[in-house]
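Enquirer: Okay, here's the structure, questions in a sec.
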Number of protein chains: 2
Amino acid sequence: MTGTPVSRVTIADVAIAAGVSKTAVSFAFNNPENLGQATLERVLRVARDLGYAPHPAARALSMRRSGTMGVLIPQRLSTVFANPFLSELMQGLGEQCEEHDLTLLLVPPLDGSLESAIRQASVDGFISLGLSPDDKALRLLDRNGIPTVLVDSDPSPEHPVVNVDDRGGAEEAARHLLELGHTQLAIIVLPPTRSQLETTPTAARRMAGYEAAIAGAGAPAPECVTAGISVEAGARAFHQLREGVRRPTAVLAMSDMAAIGVMSAARASGLRVPADLSVVGFDDLPMAAWTYPPLTTVHQPIVEKGRLAARLLIDRMNGRKVESPQPLATSLVVRGSTSKAKEVVSRQT
Amino acid sequence: MTGTPVSRVTIADVAIAAGVSKTAVSFAFNNPENLGQATLERVLRVARDLGYAPHPAARALSMRRSGTMGVLIPQRLSTVFANPFLSELMQGLGEQCEEHDLTLLLVPPLDGSLESAIRQASVDGFISLGLSPDDKALRLLDRNGIPTVLVDSDPSPEHPVVNVDDRGGAEEAARHLLELGHTQLAIIVLPPTRSQLETTPTAARRMAGYEAAIAGAGAPAPECVTAGISVEAGARAFHQLREGVRRPTAVLAMSDMAAIGVMSAARASGLRVPADLSVVGFDDLPMAAWTYPPLTTVHQPIVEKGRLAARLLIDRMNGRKVESPQPLATSLVVRGSTSKAKEVVSRQT
DNA sequence: CCGCTTTACTAAAGCGGTTTAGAGGCGATC
DNA sequence: GATCGCCTCTAAACCGCTTTAGTAAAGCGG
């Protein structure tokens, strides 16, 4: 607990203690076949006794590789980890990293900027989340020859991009509600991040999907509210919607978290879900199955997305060329939070 | 997409291009007051034009600090991120890291061992999750003078430890069920990690709390089942319990995830929760409030735990001495998943 | 016993920064 | 006009490791 600054054991210390050169010590760990049996054992024993561990930064500098994959995160960690989406993605990334002996560095904006955070990050490659392909941070990486794979971005000629079929999923979700007879829809839009002032690529694609379905059905224009990706934000969005002139009978949320917030705020306001209000989310987080009622939502393969992105990045780090894959499929999972619109129900009975 | 190995721009390149020494370039970034106005501006402009960014590993080597906080994770990332517990903790850690301009490195066991993963991790300090204080990995860190703070561990003379009152929380949970008239309890135990073959410190403390309450009430010994921290594992545990001779009327789960698994498996088996089976969890994850029925569980301040641990580590990294704080308080949150035992109910009517 | 390859090991040159010690120029001081 | 100190700027050492080039000794066929 004292924090005594124990001076680190260096390779030179081991070399002296074992009566060999630094080179020999290095060989003992990295090229044991270059050493005689006796010397090898002696060096390793001395190293262990002294508690020697090579200095990672020195190693990284001289080997030109750090054994670390970076994840570029466009927002504060406390907000982004409040959304289980990132947990899911990390599972995919983590699996591949472990398989290839990489550690995983989270790089959020520091001191107000992603670029200054990047400068201090010693990584062999970056996964970039939700950044637009022409973001300044990406330029910086390119200039320094750090391979990068984009996730949830727009198509890019420069970088491989891993996406899911946001548009298709959104369209399916909206069509589902329209087929249930809902005409007055509301949309809860994903918030912009610090680097995108307007809207994220993902939000734009989902919006396009919703609108295509609505226009296709000739339904009136939906009401749109922007809400953060949290249950609380979803609840606030619900109240905002209630104050509007046209009370929607169904809401399309661009995230499950917001959808759950809408459901619980609706229930708290005395509405029944889905009888009085249908709700469909987006993501199909594991928890979507345990909510009450279970959430109808658009499934996207998040773990798989992370796994694929990591795999592509590792390929690039190893010098292989890589093409952007097809967007991964999304699909609507109908559970208990949607039902026929009231008018339709009454007309039928 | 080509992966062209763009050779990195080094400080020497900038120095030559600007017609100054390497020192001057370094000064321009780190000690601008050492340079004349004109030179400073010229160097910075040239650096920007060339897209220069100092090599993080070189910087770390020579400055003896990497600007990174490590998190030692005792299991595979894919299993540990399946539990929202880590997300919560990361929110606390992340908040402090961002405040102090640190990036966050996740270090899971690589190549089968935490120690080999530690070797390649260039960090200024480590948060260690759930490791016993005499773990070999911690010795290695000590030998190399890397400050470490333990979370969810046993008290240690060597390191600051951040804990919550697991025992008190567990006791309160068990007492709650006993007061509701349940006598036949079951306990779902946290699984061991790779480094603890028997049981984790956390699991041991919670178990002690449960047993103290049960013994205090003179109730029969509970049935114990070990289950991983996931909904699926919880469901399996439920079925295991059902096959046992004594059907418990209430279960104490050491994690919310397992508790949710028990609830949904029970419902799927035709049991009503809480009428036929009471369930209480541990952690009070945000989702505990959205489940059906809402989960009665022991609240622990996870974000605060992460925040505190990070703060202590940062203090240690800055050479300050640090004492282990008192365990953080836990408290039972009664929601909808517990009710009076059947016998009691019938006897009353 | 000589030249030739192997084997076992080492000196020294990087990797790309920071930092210490000091050099040179210039105005102020006496 | 010599001396001092300050302001800029630089050369070189250093951080701790890997790796290249090379040396000395041992092995070996002839």
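Enquirer: Quick check on residue A:128: is it among the polar types (S, T, N, Q), part of a strand (DSSP E or B), open to solvent by less than 40 Å² (accessible area, probe 1.4 Å) and on the phi < 0 side of the Ramachandran plot? Steps first, please.
Expert: Numbers: among the polar types (S, T, N, Q): yes; part of a strand (DSSP E or B): yes; open to solvent by less than 40 Å² (accessible area, probe 1.4 Å): yes; on the phi < 0 side of the Ramachandran plot: yes.
The answer is yes for residue A:128.
Enquirer: Evaluate the following for residue B:15: is it within 14 Å of chain A (Cβ to nearest Cβ) and either closer than 17 Å to residue A:120 by Cα or surrounded by 15 or more Cβ atoms within 10 Å (Cβ to Cβ) (or both)?
Expert: It is false that residue B:15 is within 14 Å of chain A (Cβ to nearest Cβ) and either closer than 17 Å to residue A:120 by Cα or surrounded by 15 or more Cβ atoms within 10 Å (Cβ to Cβ) (or both).
Enquirer: What's the total number of residues in segment A:40-54 that are within 12 Å of another protein chain (Cβ to nearest Cβ) and either buried (at least 18 other Cβ atoms within 10 Å of the Cβ) or within 13 Å of DNA strand D (Cβ to nearest atom) (or both)? Walk me through how you get there before you give the answer.
Expert: So the first thing to find is which residues in segment A:40-54 are within 12 Å of another protein chain (Cβ to nearest Cβ), and the list is A:47-54.
Checking the rest, the ones that are also either buried (at least 18 other Cβ atoms within 10 Å of the Cβ) or within 13 Å of DNA strand D (Cβ to nearest atom) (or both) come to A:47, A:50-54.
Here the count works out to 6.
Enquirer: Search segment A:71-85 for residues being open to solvent by less than 10 Å² (accessible area, probe 1.4 Å) and either among the acidic types (Asp, Glu) or within 7 Å of another protein chain (Cβ to nearest Cβ) (or both), and hand back the single one that is farthest from the chain's Cα centre (by Cα).
Expert: Across segment A:71-85, the extreme among qualifying residues is A:77.
Enquirer: Residue B:7 passes all but one of (1) exposed (fewer than 13 other Cβ atoms within 10 Å of the Cβ); (2) within 9 Å of chain A (Cβ to nearest Cβ); (3) within 12 Å of DNA strand D (Cβ to nearest atom); which number fails?
Expert: Only one criterion in (1) exposed (fewer than 13 other Cβ atoms within 10 Å of the Cβ); (2) within 9 Å of chain A (Cβ to nearest Cβ); (3) within 12 Å of DNA strand D (Cβ to nearest atom) is unmet by residue B:7, namely (3).
Enquirer: Of all residues being open to solvent by less than 60 Å² (accessible area, probe 1.4 Å) and under 19 Å from residue A:63 (Cα atoms) in segment A:19-34, which is nearest to DNA strand C (Cβ to nearest atom)? Just the residue, please.
Expert: Going through the qualifying residues, I end up with A:24.
Enquirer: Can you tell me how many residues in segment B:215-243 are open to solvent by 20 Å² or more (accessible area, probe 1.4 Å), of a type outside the set (Val, Ile, Thr) and part of a loop (DSSP other than H, G, I, E, B)?
Expert: Step one: of segment B:215-243, the residues open to solvent by 20 Å² or more (accessible area, probe 1.4 Å) are B:215-224, B:226, B:228-230, B:232, B:235-236, B:239-240, B:242-243.
Still in the running and of a type outside the set (Val, Ile, Thr): B:215-224, B:228, B:230, B:232, B:235-236, B:239-240, B:242-243.
If we keep only those that are part of a loop (DSSP other than H, G, I, E, B) too, we end up with B:218-222, B:228, B:230.
Residues meeting the conditions: 7.
Enquirer: Determine the pairs where a residue that is without any contact (Cβ under 8 Å) to a residue 24 or more places away in the chain, located within segment B:101-122, has a partner that is part of a helix (DSSP H, G or I) with Cβ atoms under 7 Å apart, the partner being 6 or more residues away or on another chain.
Expert: B:110/A:98; B:110/B:116; B:110/B:117; B:119/A:56; B:120/A:56
Enquirer: What single numbered condition from (1) crowded, with 17+ Cβ neighbours inside 10 Å; (2) more than 11 Å from DNA strand C (Cβ to nearest atom) fails to hold for residue B:37?
Expert: In the conditions (1) crowded, with 17+ Cβ neighbours inside 10 Å; (2) more than 11 Å from DNA strand C (Cβ to nearest atom), residue B:37 misses (1) alone.
Enquirer: Restricting to segment A:157-179, give me the number of residues that are surrounded by 19 or more Cβ atoms within 10 Å (Cβ to Cβ) and assigned to a loop (DSSP other than H, G, I, E, B).
Expert: Looking only at that region, the number is 4.
Enquirer: In segment A:95-114, which residue that is in contact with a helix residue (DSSP H, G or I) (Cβ under 8 Å, 6 or more places away or on another chain) and aliphatic (A, V, I, L, M) is farthest from the other protein chains (Cβ to nearest Cβ)?
Expert: Only one residue fits best here, namely A:114.
Enquirer: For residue A:135, work out the one condition from (1) surrounded by 24 or more Cβ atoms within 10 Å (Cβ to Cβ); (2) modelled with pLDDT under 95; (3) away from chain B (no Cβ under 14 Å) it doesn't fulfil.
Expert: (1)
The values are calculated or read from the model by the stated rules, or taken from the named source; none is laboratory data. Computed from a predicted model, the values in this text were never measured in an experiment. Quick reminder, even Gly has a Cβ in these numbers, built from the backbone with ideal geometry, and neighbours come from all protein chains shown. SASA here: full protein model, heavy atoms, side chains in, ligands and nucleic acids out. Shrake-Rupley method; radii C 1.70, N 1.55, O 1.52, S 1.80 Å.
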